[in-house]
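*Asks:* Here's a structure for you.
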Amino acid sequence: MKIIKSAVFLKSEQDFKGFKGFDKPEILLLGRSNVGKSSLINMLTNNSKLAKVSSTQGKTRLVNFFMCNDEFILVDLPGYGYAETSKVEQQKWGKMIDEYLKKSKNLKSAILLVDVRHVPTAQDIQMFEYLTYHNIPATIVATKYDKIKKSERIKKLTVIAEKLKIGIENIYLISSETAYGKSNLINRIYQFVDGV
């Protein structure tokens with residue numbers, strides 16, 4: 001079983017004009033605002049202060065890079081879909097991800113986070129299709145699993161699977177509060193890091 005023993009913040013980028021990469025496998029984290037990306041990073045790395053967690057939506061505006069186990073990079077993109085974000089900001093976000101996908105020579109996989117309590121948005125679906133179009137292996141992670149009743153779990157997962165047109169067994173369940181699903185997701189990440 002794989003674990004993340006060390007993790008450090010490397011840098012933030014506003015754009016990718018001078019981006020050279022780090023010569024390590026990169027795992028991209030995507031999801032709408034407030035879906036729990038920062039909390040997920042902190043839970044996976046056992047460091048509650050590594051990624052800044054905010055209750056304010058749209059807080060993260062930069063791309064943040066974290067080195068894990070000196071073996072791979074977690075790339076945290078700003079959340080999309082925040083209603084108060086201007087169209088100019090949304091266009092910047094779209095350009096940012098396009099630049100990153102074109103310039104990264106080390107991207108191995110993407111993790112797309114969706115909130116298990118809600119139906120995937122049009123933007124979630126569009127993002128999943130975008131990754132598929134660019135031949136980027138994507139793992140769907142349903143966050144905030146501890147926030148729903150046991151009796152609702154299958155129903156909620158079925159909706160996500162139907163909307164994204166994937167099998168329910170391909171959804172990774174996560175709770176950053178309880179660390180539920182942590183080992184499964186780290187093992188999944190290492191399948192791409194190790195090229196298995």
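No lab work stands behind these numbers, since they all come straight from the coordinates. What you see is a predicted model; the values in this text were computed from it and never measured. Note: ideal-geometry Cβ built from the backbone for every residue, glycine included; neighbour counts use all protein chains shown.
*Asks:* Counting Lys and Arg as +1 and Asp and Glu as -1, what is the net charge of the other residues whose Cβ lies under 9 Å from the Cβ of Gly31?
*Replies:* 0
*Asks:* Determine one quarter of the surface area of the Cα convex hull of segment 68-135, which equals its mean projected area, and express it in nm² to one decimal.
*Replies:* Mean projected area for segment 68-135: 5.9 nm², to one decimal.
*Asks:* Select from Ser12, Ser151, Ser33 the residue whose mean-square fluctuation is largest in a Gaussian network model of the chain (Cα-Cα springs shorter than 10 Å).
*Replies:* Ser151
*Asks:* Same structure, new question: Within 10 Å of each candidate Cβ there may be at most 15 other Cβ atoms; applying that plus a DSSP loop requirement, which trypsin sites (Lys or Arg not before Pro) in segment 86-153 survive?
*Replies:* Lys105, Arg117, Lys149
*Asks:* Sticking with this one: When the convex hull of the Cα atoms of the chain is projected onto a plane and the area is averaged over all directions, what value comes out in nm²?
*Replies:* Over every viewing direction, the Cα hull of the chain projects on average to 10.6 nm².
*Asks:* If you don't mind, another one. May I ask which of Lys24/Lys52; Lys37/Lys144; Lys147/Lys182; Lys2/Lys24; Lys2/Lys108; Lys20/Lys49 have a Cα-Cα span longer than 21 Å here?
*Replies:* Table pairs above 21 Å Cα-Cα are Lys24/Lys52; Lys20/Lys49.
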